[in-house]
Amino acid sequence: MTREALLPFECRQAKISYAGKMTIDVCFQYNDGPIIRENINFGQFPIMLQLSKSIVVLNIYLSSELVQSKLCNLRGADPQKLVSFKEEASEMGGYFILNGLERVIRLLILPKRNYPMSMVRNSFSDRREGYTDKAVVIRCVRADQSSLSIRLYYLRNGSARLGFWLRGREYLLPVGIVLKALIDTTDREIYVNLTSCYNEKYEKGKGAVGTQLVGERAKIILDELRDLALFTRLQCLEYIGDYSKNISSSEVLKAFRLVFKLVVGDTRSQRYLEEGNLPLVGLFIVAHYYYEVAEAVLKDCILVHLDNNFDKFNLLIFMLQKLFSLIDQTSVPDNPDSLQNHEVLLPGHLITLYLKEKLEDWLQKGTRLLMDEIEKKSTKFNFSDIVQVKKVMDKNSSKQVSTAVENMLKTGRLVTQSGLDLQQRAGYTVQAERLNFLRFISHFRAVHRGASFAGLRTTTVRKLLPELVGMTPSLPKIFLPGPPEALTVLLDGCVVGCIASSEVEKVVAHIRELKVSSAAVIPGDMEVGYVPLSMGGAYPGLYLFTSPSRFVRPVKNISIPSNGSENIELIGPFEQVFMEIRCPDGGDGGRKSSFPATHEEIHPTGMLSMAKQTMAFSSQTIQHRADQKLYHIQTPQTPIVRTSSYTKYNIDEFPTGTNAIVAVLAYTGYDMEDAMILNKSSVERGMFHGQIYQTETIDLTEQRGRSDRSSRIFRKSNVEKSAHPSIDSDGLPHVGQMIQPDEPYCSIYNEVTNSMHTFKRKGSEAVYVDYVAVDVKNKKNLQKVNIRFRHPRNPVIGDKFSSRHGQKGVCSQLWPDVDMPFSGTTGMRPDLIINPHAFPSRMTIAMLLESVAAKGGCLRGEFVDATPFRSSVKKDSEGNDSKSGSLVDDLGLLLREKGFNYHGLEVLYSGVYGTELTCEIFIGPVYYQRLRHMVSDKFQVRSTGTVDQVTRQPIKGRKRGGGIRFGEMERDSLLAHGAAYLLHDRLHTCSDYHIADVCSLCGSMLTTTVVQPQKRPVRQIGGLPPGRAVKKVACHACQTSKGMETVAMPYVFRYLAAELAAMNIKMTLKLSDGAEAGA
Amino acid sequence: MEGASYARMPRVKIRELKDDYAKFELRDTDASIANALRRVMIAEVPTIAIDLVEIEVNSSVLNDEFIAHRLGLIPLTSERAMSMRFSRDCDACDGDGQCEFCSVEFHLRVKCMTDQTLDVSSKDLYSSDHSVVPVDFSDPAATDSSENRGVIIVKLRRGQELRLRAIARKGIGKDHAKWSPAATVTFMYEPEIHINEDLMETLTLEEKREWVDSSPTRVFDIDPVTQQVMVVDSEAYSYDDEVIKKAEAMGKPGLVEIIAKQDSFIFTVESTGAIKASQLVLNAIEILKQKLDAVRLSEDTVEADDQFGELGAHMRGG
């Protein structure tokens, strides 16, 4: 059977996930026998749309590999093909479809990998007695993108502790032990290594980073070892691995007990190991001796990005040196909020991390199952029989791996034990809103700083640091012409050697040349972070990075003689801080001649922001979508004034607004306070017309009541055929049908109970049925239906509009065309009037400039380029006068050429009187957008309606027909006005007015009971109309009705009395008549 | 007050007249009359436009309301409009607005059968009344018929169909812009330009040129022979005061004096094609008269006084 490929649009409509089968070859190996591969189905793995590569191939201990799961069916499709697949022609993918919703994985800022960062944090000193607030932190990332952070804390006694994370807890080790445990070394070697940067001859401040204190500290570290009587590597390893002999460092040992309990300490596992047929899993360590445990810890927990212990040793020495330099204040701490020390978590990496962990979990569980099976013995389980092994493994559902990943994408929440060395657990994915195209693509460009920062009160993390925008911060640039000192060179967090500081500049220049040159000796995006020697600056060194997830941007390298080529170099945020990059405006940017510019910006252009709430032409495939809510405008236009990014992002495919003729004047008073007047005729001709598409999904399988699931079908009632004219015989509405509020649009028939159920429209406006999509693939009866409604939303008073400059306003009037001011020469009447007071304090000059520019563009029949910073680019060949004054002059001349006022002003005549308006009016086309805030969704009105059960006060909430709260501040305002009657009306009469019976004898209002009135037949005989039966109330406590009075009070008061009574507090009312009260 | 007549006899001089464009002078009257005329032309001269659409089949990409809205905006030839009845006052059809006195029926039946995109335009609308048809914008001089397909309503691809019935009714622009017969109606006050010749002569030729060039529109020029500044086209002046400001900046205030004549206006009328521009003006005058008559004929009833106040009293008196 050839199944048709599942296409993304089907997933959107059917509200299912776009996923494909994932199978993995799991390898079994007995001793050194042949590897047996078993293909195991791991369930439906979500697929990112149009991704050209599979997620990432994994390498875990079992050497299982992720077989390329079925990739996106859209892959490689050209626009025409995409349209035939019912996608946008410009579909870019990059998101997942989960339950019909489009979700993107957010890019998250992480600390730069494999770079030791010196940090000062108060929380460090709180860790334990003796700790200072200073530490060097490195986030080590393995080749499979999983990471582990290591911290090197400085102790007040001069020593240092290495902190590493295992199973969500931090364990601390004296650094000397780790140093010795890593390699066979001597105290002398460690001492020399630690003091290598320190030169007694040149003393402090002579270009050396270290001070003589370094030597002292090295001694302290070594003394610590001696005190613990640890001299050899084996001893150190034993110390780390052994938990029984060393009570002093119980902190370390707790961790390993955990590990041991699971794997090592168990004799069973040892036996299996001897038999040689236990599949082992990454972190789980099997060892006979403690030193083996220690080695595993060193391998899997400490500086995991390095494989070699020598490299680890060297890096640890480097980190110690950096830490000491931080203590001695010969270098400043690195700023963790600076882009310089950031990288980004990519979607693929996140999925890889998560998938890796889930696979490990699966293997672990499988192992446990196998062990249990062996333990039982009773059964004839044969471990060497692969079929039986597989059978046991199958008990552990492999499909949960894919489900876990899918759930992660659905909720954005990581369900993990280890935390994956990430700062947050939730918020990894967001729904990609398709409000308009700009909003949509912004999801793919936005970088999230992290959930913990969003709630932070301090503004330090929100500063726009200069290096973020490519500027060099003011660093102390006193390069000391010291003696030839050596600079450490790190390549991806591995110490590869040293370079004499006199040579390093040449080396850097050479590396850059190699980067730019086409010969692929080194990667073109390598980051050459050369931090020069300085006193009190950043810790010097040459840091080379080739790892993924770094930011890069292109600049022109002008230090290399260009032989026809552009010499475009990709630089990163780490290196750009220390580079000399100039602006291409021809100036030197105030640079001193001793530091000439080596690089030049290509084009300093920003992207246009805003448009987050704009209603726009959001999609060209509305017909094939089933979004919950989709805003759409009917007659969009392309802006006259546009930026280069507008063209780059092809926003003409999804335009967002209209070029409206805007007059800036205070006309009728209806444009006060950011209100705006729309021309009624313009609106009637289609300006800002739009609609909201809203989809209701009715899934019979999901309807409550699982018992009668199969018996429910879509059908119209046979009994009352004429009852619901909008419903067709199949129980679904007609397309194009108008449906009034509270009118049923869909009916379901239950064959078992023989009952009908209809779905009614909620809301307050009539809607049209736009589209009815049914699920035809399923069974004989329809089970799932999507009904899309169309709410016409043409502009009304109260709708919100905005220009692209943040000049938003609410429509206050649809003013008749004839009453609008008009131009005597052209007869032009504005589409829209805004108040001049909107400008002075907000300083949105750009809007005025847009108006002038667009007017000029209209008259010449051309689009106007409004790309910012254009003037900062050197004008080549034709640019004879690059300094042509201001932009206004250029635009003004355009207008003047066409016989208009230089400043964009025009003489207008009053539309009502026909007389000239006394001042000239600024008028011109401005691109206006309709925002999604519309009165129809917001207005709230109520006279009477539902009340709260308990308090009998009106309920809240617009949806439920509730009232608007007349709150404390509103009450205060009425009190201040002395408006007592109004206050009484609002808070009492219109709220929970209640007449209570109170017994004046006992003062209770809770003990009243209604006495059944005795029938008085005498009266009826007399032929008189029966008098109003007086409701007889009596006090239950006093056993009389004598003292009963009626009192008007808020009902909550009675409720209060009842609540108090429940707490055994009696409330008594003392009644007196008005005269007494006044006295 | 009593007996004094404010009646004047306005004069109209037609400058230019085309089917859809008219330019004329209106003299010896006030801004109130000129503006009233403008307002009536835009908002109160009746035309016929599609007002009710019954859609039978619509499988096009545009939704029903969108198509109905587009149909409404198509200008229909409305010579009949003045004599037609408003549906709301029509006795013949009990207000359902579908009789021959107050409405015109249109039909549209299009289906695309080819692979080529089919443009559905106003030409595809079939009218029940040959005098009320979509306006033909084609240039009679151009013989190429494929060029002019009328106003495009929607484009259909293979298999898509549009079938509908539409009712056109009489209406005015005040109710909906689709009934407005005027694309643009505007008037300007005729400027009166006096150049102070003596002061002008104190300027050098260079300064004169500079001054002349200061106006964005070509109002003034320099006589090549006498080198005197002269007014070329006084109506090109847009009351932008540029020349006056320039004169002040040059230290010669009063170099030129420009007054807007309060009693003469130059009108520009552009029609949508529903009625001819000339007819539009005539109809507007007719309607203006009717409105004044309504005031005059309402006698001295209390309601009339309430409604028209002093104006009513004035009209009755005058």
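The values are calculated or read from the model by the stated rules, or taken from the named source; none is laboratory data. None of the values given here were measured: they were computed from a predicted structure. Please note: Cβ atoms are built from the backbone with ideal geometry, for glycine as well, and neighbour counts cover all protein chains shown.
Scanning segment A:898-939 for residues that are part of a loop (DSSP other than H, G, I, E, B) and among the small types (Gly, Ala, Ser), we see that the one that is nearest to the other protein chains (Cβ to nearest Cβ) is A:Gly914.
For segment A:637-667: of the residues being in a loop (DSSP other than H, G, I, E, B), over 31 Å from the mean Cα position of the chain (by Cα) and of a type outside the set (Phe, Trp, Tyr), which is farthest from A:Pro821 (Cα to Cα)?
Step by step, filter segment A:637-667, then rank; the result is A:Ile640.
Taking the listed residues A:Phe28, A:Phe45, the one that is surrounded by 14 or more Cβ atoms within 10 Å (Cβ to Cβ) and at pLDDT 75 or above is A:Phe45, with no other qualifying.
Residue-level check: of (1) outside any helix (DSSP H, G or I); (2) facing chain A (nearest Cβ under 7 Å); (3) crowded, with 20+ Cβ neighbours inside 10 Å, B:Ile55 misses just (3). Any chance segment A:771-784 includes a residue that's outside the structural domain of A:Val664 (by TED's automatic domain parsing), modelled with pLDDT of 80 or more and in contact with a Pro (Cβ under 6 Å, 6 or more places away or on another chain)? The answer is no, given that none of the residues of segment A:771-784 is outside the structural domain of A:Val664 (by TED's automatic domain parsing), modelled with pLDDT of 80 or more and in contact with a Pro (Cβ under 6 Å, 6 or more places away or on another chain). The condition (being in contact (Cβ under 8 Å) with a residue 24 or more places away in the chain, of a type in the set (Val, Ile, Thr) and away from chain A (no Cβ under 12 Å)) is satisfied by just one residue among B:Val219, B:Val229, B:Val225: B:Val229. Within segment B:75-88, is even one residue modelled with pLDDT of 85 or more, within 13 Å of chain A (Cβ to nearest Cβ) and either surrounded by 15 or more Cβ atoms within 10 Å (Cβ to Cβ) or not in a loop (DSSP other than H, G, I, E, B) (or both)? Yes: segment B:75-88 contains one or more residues that are modelled with pLDDT of 85 or more, within 13 Å of chain A (Cβ to nearest Cβ) and either surrounded by 15 or more Cβ atoms within 10 Å (Cβ to Cβ) or not in a loop (DSSP other than H, G, I, E, B) (or both). The listed residues are A:Gly493, A:Gly537, A:Gly524, and the only one of them that is surrounded by fewer than 21 Cβ atoms within 10 Å (Cβ to Cβ), in contact (Cβ under 8 Å) with a residue 24 or more places away in the chain and farther than 23 Å from A:Ile560 by Cα turns out to be A:Gly537. Counting only residues that are surrounded by fewer than 22 Cβ atoms within 10 Å (Cβ to Cβ) and either assigned to a helix (DSSP H, G or I) or among the basic types (Lys, Arg) (or both), segment A:327-340 holds 1 of them. Restricting attention to segment B:25-48, the residues being over 19 Å from B:Glu192 (Cβ atoms) and either within 10 Å of the chain's Cα centre (by Cα) or not in a loop (DSSP other than H, G, I, E, B) (or both) number 14.
Can you tell which of B:Phe66, B:Phe101 is free of Cβ contacts under 8 Å to residues at least 12 places away in the same chain, out of contact with any strand residue (DSSP E or B) (no Cβ under 6 Å at 6 or more places or on another chain) and not basic (Lys, Arg)? Walk me through how you get there before you give the answer.
Values: B:Phe101 fails: free of Cβ contacts under 8 Å to residues at least 12 places away in the same chain.
Among B:Phe66, B:Phe101, only B:Phe66 is free of Cβ contacts under 8 Å to residues at least 12 places away in the same chain, out of contact with any strand residue (DSSP E or B) (no Cβ under 6 Å at 6 or more places or on another chain) and not basic (Lys, Arg).
For segment A:425-474, filtered to residues that are touching a Phe, Trp or Tyr at 6+ places or on another chain (Cβ under 8 Å) and assigned to a loop (DSSP other than H, G, I, E, B), the residue that is modelled with the highest pLDDT is A:Ala432. If you scan segment A:934-967, which residues turn out to be β-branched (Val, Ile, Thr) and in contact with a helix residue (DSSP H, G or I) (Cβ under 8 Å, 6 or more places away or on another chain)? Correct list: A:Val950, A:Thr951. Across segment B:230-243, the qualifying residues are those that are among the hydrophobic types (A, V, I, L, M, F, W, C) and within 17 Å of A:Gly899 (Cβ to Cβ), and the one among them that is nearest to the chain's Cα centre (by Cα) is B:Ala236.
Residues that are outside any strand (DSSP E or B) and closer than 18 Å to A:Leu326 by Cα within segment A:534-560 comprise A:Ser534, A:Met535, A:Gly536, A:Ala538, A:Tyr539, A:Pro540, listed in sequence order.
When segment B:6-45 is filtered for residues that are without any contact (Cβ under 8 Å) to a residue 40 or more places away in the chain, away from chain A (no Cβ under 14 Å) and closer than 17 Å to B:Ala182 by Cα, only B:Glu16 remains. Checking each residue in segment A:949-997 for being over 30 Å from A:Pro741 (Cα atoms) and aliphatic (A, V, I, L, M) picks out A:Met969, A:Leu974, A:Leu975, A:Ala976, A:Ala979, A:Ala980, A:Leu982, A:Leu983, A:Leu987, A:Ile995, A:Ala996.
Are any residues in segment A:497-516 assigned to a strand (DSSP E or B) and free of Cβ contacts under 8 Å to residues at least 40 places away in the same chain, and if so, which ones?
A:Gly497, A:Cys498, A:Ala500
Taking A:Tyr272 as the residue in question, decide whether it is outside the structural domain of A:Val389 (by TED's automatic domain parsing), under 29 Å from A:Thr232 (Cα atoms) and at pLDDT below 80. Outline the logic, then answer.
Values: outside the structural domain of A:Val389 (by TED's automatic domain parsing): yes; under 29 Å from A:Thr232 (Cα atoms): no; at pLDDT below 80: yes.
Considered against the rule, which asks whether it is outside the structural domain of A:Val389 (by TED's automatic domain parsing), under 29 Å from A:Thr232 (Cα atoms) and at pLDDT below 80, A:Tyr272 comes out as no.
For B:Lys276, the test of being surrounded by fewer than 17 Cβ atoms within 10 Å (Cβ to Cβ) and modelled with pLDDT of 85 or more is failed.
Among the residues making up segment A:821-853, a single one is more than 36 Å from the chain's Cα centre (by Cα), away from chain B (no Cβ under 14 Å) and more than 12 Å from A:Val664 (Cα to Cα): A:Ala853. Can you tell me which residue is nearest to the chain's Cα centre (by Cα) among those in segment A:504-550 that are of a type in the set (S, T, N, Q) and closer than 22 Å to A:Ala143 by Cα? Once the filter is applied, the top-ranked residue is A:Ser549.
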